[in-house]
1. Compute the acute angle (0 to 90°) between the alpha-carbon long axis of helix 268-283 and the principal axis of greatest extent of the alpha-carbon atoms of the chain; round to the nearest 10°.
2. Given the options 254, 28, 105, identify the residue whose Cα lies farthest towards the positive end of the charge dipole of the chain (+1 on Cβ of Lys, Arg; -1 on Cβ of Asp, Glu).
3. Hey, what did segment 151-229 get for relative contact order, percent, Cα under 8 Å, at least 6 apart?
4. How many Å² of accessible area per residue for the chain, probe 1.4 Å?
5. I'd like the orientation of helix 19-30 relative to the chain: the angle between its Cα long axis and the longest Cα principal axis, in ° from 0 to 90, rounded to 10.
6. Between residue 116 and residue 42, how many nm apart are label points set 7 Å from Cα along the C-beta direction?
7. Kindly express, to the nearest 10 degrees and within the range 0 to 90, the angle between helix 51-60's C-alpha long axis and the longest C-alpha principal axis of the chain.
8. Sorted by packing (mean other beta-carbon atoms within 10 Å per residue), highest first, where do 126-133, 225-232 land?
Amino acid sequence: MSDTPLQSRLNALQGSFSPAEKRIITIIRLDPPGVANMGVTELAKYAETSTATVVRTSKRLGFSGYPALRLALAAESSSPMPVDMPLAADIGENDSPKQILQKLLEFEVKGASETTQLLSAATLEQAVSVLSQARRIDIYGAGASGLVAQDFCQKLRRIGVVAQSYGSTDESLVSACQLAAGDVALAISHSGKTAGVVEALSQAKAAGATTLAITANGRAALVRKADVVLRTSNREMGFRAAAMASRTSQLLIIDCLYIGVAQRLPGAREALRKTHDAVQHHRR
């Protein structure tokens with residue numbers, strides 16, 4: 001899928017941009033139709049910055065102001081979707097396995113880089129702080145996101161954290177309704193619309209738990225249920241939606257959270273030693 005002129009300009013941007021300006025530019029590049037429908041205040045909140053920064057960024061992109069940027073995005077977003085939708089990124093039907101590997105690498109590295117730009121230091125700090133102080137952690141996810149939830153749960157357990165992951169709606173709701181103040185619920189959904197995951201996080205919030213969400217959709221229902229939102233890149237194109245690039249970005253975030261929590265738990269290293277020795281003894 002080829003870029004529009006505005007998209008090409010955004011992708012090629014280089015210069016001394018502040019972290020907040022980079023987040024705004026990344027959001028615009030990843031979701032032109034969404035930004036075209038956002039007011040200046042909404043985009044500022046989404047990018048965790050001020051309206052003045054949004055206006056300044058619009059001007060740095062060559063527009064007279066934010067309204068002019070929205071008009072340009074709306075015009076380019078009305079372009080029809082090509083009939084020959086690629087299987088993934090720009091992979092062609094006749095590409096060799098080696099070419100596929102190289103293109104996937106480039107595609108997913110870009111996705112991880114964009115995720116890094118979207119996450120502010122303050123949001124990551126808040127998420128790590130909440131998780132490291134939790135009495136109990138519930139993690140919800142379905143499909144590919146469910147695999148990420150299981151991975152995070154396994155990591156947390158290795159350092160002595162009381163955690164459990166859930167993939168089915170019924171199990172998620174049964175657990176969520178028993179949470180309380182001091183507990184944490186983390187929901188993982190690329191679209192932010194997975195009904196069972198949204199319902200579970202909503203139940204956890206109603207029960208008094210602190211809620212976190214990892215999603216690429218900053219306007220989804222899941223976001224409204226979360227106290228802390230960790231945004232991932234929206235780099236899912238072709239017929240593999242929510243299967244590869246999204247999972248890579250999600251894994252990047254949970255690995256960061258895991259290391260951050262391990263740094264703050266006094267008994268983490270000892271727990272790692274014990275679990276390592278137990279597993280090794282069993283294998284022998």
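1. Helix 268-283 sits roughly 70 degrees off the main axis of the chain.
2. About the Cα centre, the residue reaching furthest to the positive side is 254.
3. 27 percent
4. 50 Å²
5. Taking the Cα atoms of the chain, the angle to 19-30 is about 70 degrees.
6. That separation, rounded to one decimal, is 3.1 nm.
7. Long axis of 51-60 versus the principal axis of the chain: about 50 degrees.
8. Highest-to-lowest ranking by the protection proxy: 225-232, 126-133.
The values are calculated or read from the model by the stated rules, or taken from the named source; none is laboratory data. All figures in this text were calculated on a predicted structure; none of them were measured in a lab. Virtual Cβ from ideal backbone geometry, glycine too; neighbours counted across all protein chains shown. These accessible areas exclude ligands, DNA and RNA; they are computed on the full protein's heavy atoms, side chains included. Shrake-Rupley method; radii C 1.70, N 1.55, O 1.52, S 1.80 Å.
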